[in-house]
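Undergrad: Shown below is the structure under consideration.
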């Protein structure tokens with residue numbers, strides 16, 4: 001599994017991580033086995049959130065006895081993101097996760113609380129050793145510009161956004177902003193949410209052709225296509241061991257320029273939308 005620098009944190013983090021949104025809807029033994037298999041295969045970046053129901057306790061069980069291997073991330077809901085609310089939410093997440101610290105803690109999306117207040121809470125948590133770094137999620141370039149103005153350069157670890165081959169809106173401005181300011185970009189739902197190309201479609205054929213050339217699976221090709229950008233960290237969810245291992249195998253897959261160009265044509269960038277897509 002390749003690793004790369006995670007924004008300004010100084011940490012080298014697995015290129016492919018593990019998302020846990022809706023994982024609590026799956027059969028618990030299989031979901032737990034999938035998370036553990038992902039860790040065994042090198043996907044040590046594990047992302048969760050207070051919003052994700054029972055995902056945090058599930059993660060706690062998966063990482064028990066191996067916490068130091070994991071780059072652990074959780075998120076605070078915007079309605080809890082006041083100064084006192086953020087600290088309380090973080091402490092609840094720490095308890096559910098069975099740990100004394102998070103490697104990064106994110107504002108899940110922009111809400112009514114001023115960024116100054118949330119970021120002050122993040123800094124307090126960092127000074128207390130309860131988080132190592134902090135970042136944001138679902139921030140468009142205007143939000144990012146304001147966040148950097150408030151926090152200063154080199155403070156925001158990452159921006160977690162929707163990014164898959166059929167939804168490349170972040171490539172217009174969000175990804176370039178993150179690259180310019182040294183912010184890691186974490187790609188959630190990298191296969192789309194029920195939007196993986198159907199069998200027989202031109203996009204699926206392009207994936208299958210590149211997969212055949214590289215000895216990979218179509219899903220591995222998708223993850224490698226997203227991770228072609230050196231600041232991008234896809235975090236697919238897997239509820240089965242085989243799926244987790246398949247995801248992890250993409251961490252060493254590097255596509256050639258001609259293959260990237262073929263996929264770029266199969267999944268057109270499209271126009272910049274008025275609002276940042278999110279789910």
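The values are calculated or read from the model by the stated rules, or taken from the named source; none is laboratory data. Model, not experiment: these values are computed from the prediction. Cβ: placed from backbone, ideal geometry, glycine included. Neighbour counts: every protein chain shown.
Undergrad: Restricting to the range 134-163, name every residue that is surrounded by 24 or more Cβ atoms within 10 Å (Cβ to Cβ) and either in a strand (DSSP E or B) or free of Cβ contacts under 8 Å to residues at least 40 places away in the same chain (or both).
TA: If the condition is that a residue be surrounded by 24 or more Cβ atoms within 10 Å (Cβ to Cβ) and either in a strand (DSSP E or B) or free of Cβ contacts under 8 Å to residues at least 40 places away in the same chain (or both), then 134, 135, 136, 156, 157, 158, 159, 160, 161 are the ones that fit.
Undergrad: In the range 227-263, which residues are part of a helix (DSSP H, G or I) and surrounded by 23 or more Cβ atoms within 10 Å (Cβ to Cβ)?
TA: 244, 247, 248, 250
Undergrad: Looking at 4, 96, 36, 110, can you tell me which residue is assigned to a loop (DSSP other than H, G, I, E, B) and at pLDDT 95 or above?
TA: 110
Undergrad: Being over 14 Å from residue 152 (Cα atoms) and either assigned to a helix (DSSP H, G or I) or within 24 Å of the chain's Cα centre (by Cα) (or both) is the filter here; which residues of the range 119-128 pass it?
TA: Quick first cut of the range 119-128, residues over 14 Å from residue 152 (Cα atoms) only: 121, 124-128.
Result: 121, 124, 125, 126, 127.
Undergrad: Based on this model, can you work out whether residue 266 counts as touching a helix residue (DSSP H, G or I) at 6+ places or on another chain (Cβ under 7 Å), free of Cβ contacts under 8 Å to residues at least 12 places away in the same chain and either surrounded by fewer than 21 Cβ atoms within 10 Å (Cβ to Cβ) or under 30 Å from residue 151 (Cα atoms) (or both)? Write out each step before concluding.
TA: Details: touching a helix residue (DSSP H, G or I) at 6+ places or on another chain (Cβ under 7 Å): yes; free of Cβ contacts under 8 Å to residues at least 12 places away in the same chain: no; either surrounded by fewer than 21 Cβ atoms within 10 Å (Cβ to Cβ) or under 30 Å from residue 151 (Cα atoms) (or both): yes.
The answer is no for residue 266.
Undergrad: A further question follows. Scan the range 135-175 residue by residue and report those that are touching a helix residue (DSSP H, G or I) at 6+ places or on another chain (Cβ under 8 Å) and over 17 Å from residue 81 (Cβ atoms).
TA: 140, 141, 145, 154, 161, 162, 163, 164, 165, 166, 173, 174
Undergrad: Right, next: Which of the residues spanning the range 62-86 are surrounded by fewer than 16 Cβ atoms within 10 Å (Cβ to Cβ) and either more than 24 Å from residue 223 (Cα to Cα) or more than 19 Å from the chain's Cα centre (by Cα) (or both)?
TA: 64, 65, 66, 67, 68, 79, 84
Undergrad: What about residue 23, is it surrounded by 16 or more Cβ atoms within 10 Å (Cβ to Cβ), within 18 Å of residue 234 (Cβ to Cβ) and either in contact with a strand residue (DSSP E or B) (Cβ under 7 Å, 6 or more places away or on another chain) or at pLDDT 95 or above (or both)?
TA: So residue 23 passes the test.
Undergrad: How about the range 193-239: which of its residues are in contact (Cβ under 8 Å) with a residue 40 or more places away in the chain, within 28 Å of residue 12 (Cβ to Cβ) and out of contact with any strand residue (DSSP E or B) (no Cβ under 8 Å at 6 or more places or on another chain)?
TA: Of everything in the range 193-239, those that are in contact (Cβ under 8 Å) with a residue 40 or more places away in the chain, within 28 Å of residue 12 (Cβ to Cβ) and out of contact with any strand residue (DSSP E or B) (no Cβ under 8 Å at 6 or more places or on another chain) turn out to be 210, 214, 221, 225, 239.
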